[in-house]
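Only one structure is covered here, and it is reproduced in the block below.
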Amino acid sequence: MPPATVCRLRELTPADYAAVITLWRSCPGIGLTEADSYAGTVAYLARNPGLSVVATDLTGAIVGAVLCGHDGRRGYLHHLAVAPASRRQGIGRQLVEECLARLRTAGIAKCNLFLFADNAAGRAFWLRCGWHTRLDLMLVQRATT
Ligand SMILES: CC(C)(COP(=O)(O)OP(=O)(O)OC[C@H]1O[C@@H](n2cnc3c(N)ncnc32)[C@H](O)[C@@H]1OP(=O)(O)O)[C@@H](O)C(=O)NCCC(=O)NCCS
């Protein structure tokens, strides 16, 4: 593995929205919806204070981000992304471990995430980081209207 990009982890705040949405938009594995508007993201952060994290480089530029929250029972990660030039240097794993530590502190014992079935690279990452897929489950969804 190449030497890790020197990066710092800190809480993702509303002020990071422009940089983070630009990163997410550049990543095919990230599915964005109306919930990812500025207002939606600020609402998510307010519901889940102190859990979402960004990685910044020495200049302070954001090179990775992940949304993290919980519903009181289980934790959830959304939109984990690392800028292409900074991948395979341990940043994704650090972001995930930081979120898991924050969930543990909040008393949450397990964490789930959604992954597109055709995202083979993303799946390889999660498996490498100790996650397992639940092929016995299916996502069931409808609009509230
Ligand atoms: C998935 C992603 C976040 C990984 O970030 P990263 O910083 O490159 O990952 P890391 O360097 O921390 O890798 C952690 C481990 O996963 C492995 N890994 C990472 N990407 C991999 C890939 N594409 N294929 C196989 N293994 C991979 C690494 O080799 C490393 O293993 P090791 O520590 O045992 O050597 C990044 O590739 C990305 O942003 N992808 C696009 C967005 C996406 O698909 N996100 C997931 C949506 S749920």
*Within the stretch 131-138, is there a residue that is open to solvent by less than 100 Å² (accessible area, probe 1.4 Å) and under 28 Å from E11 (Cβ atoms)?*
yes
*Out of all the residues in the stretch 103-122, which are open to solvent by less than 100 Å² (accessible area, probe 1.4 Å) and within 14 Å of the chain's Cα centre (by Cα)?*
L103, C111, N112, L113, L115, G122
*asked:* Restricting to the stretch 64-84, give me the number of residues that are surrounded by fewer than 20 Cβ atoms within 10 Å (Cβ to Cβ) and either touching a Ser or Thr at 6+ places or on another chain (Cβ under 6 Å) or hydroxyl-bearing (S, T, Y) (or both).
replied: 1
*Within the stretch 125-141, restricting attention to residues that are in a loop (DSSP other than H, G, I, E, B) and of a type in the set (D, E, K, R), which residue is nearest to the ligand (Cβ to nearest atom)?*
R134
*Residue among R142, R87, R93 that is without any contact (Cβ under 8 Å) to a residue 12 or more places away in the chain, open to solvent by 80 Å² or more (accessible area, probe 1.4 Å) and under 16 Å from the mean Cα position of the chain (by Cα)*: R87
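The values are calculated or read from the model by the stated rules, or taken from the named source; none is laboratory data. Model, not experiment: these values are computed from the prediction. Here Cβ is always computed from backbone atoms with ideal geometry, including for glycine, and neighbour counts include all displayed protein chains. The area values use the complete protein model at the heavy-atom level, side chains included, leaving out ligands, DNA and RNA. Shrake-Rupley method; radii C 1.70, N 1.55, O 1.52, S 1.80 Å.
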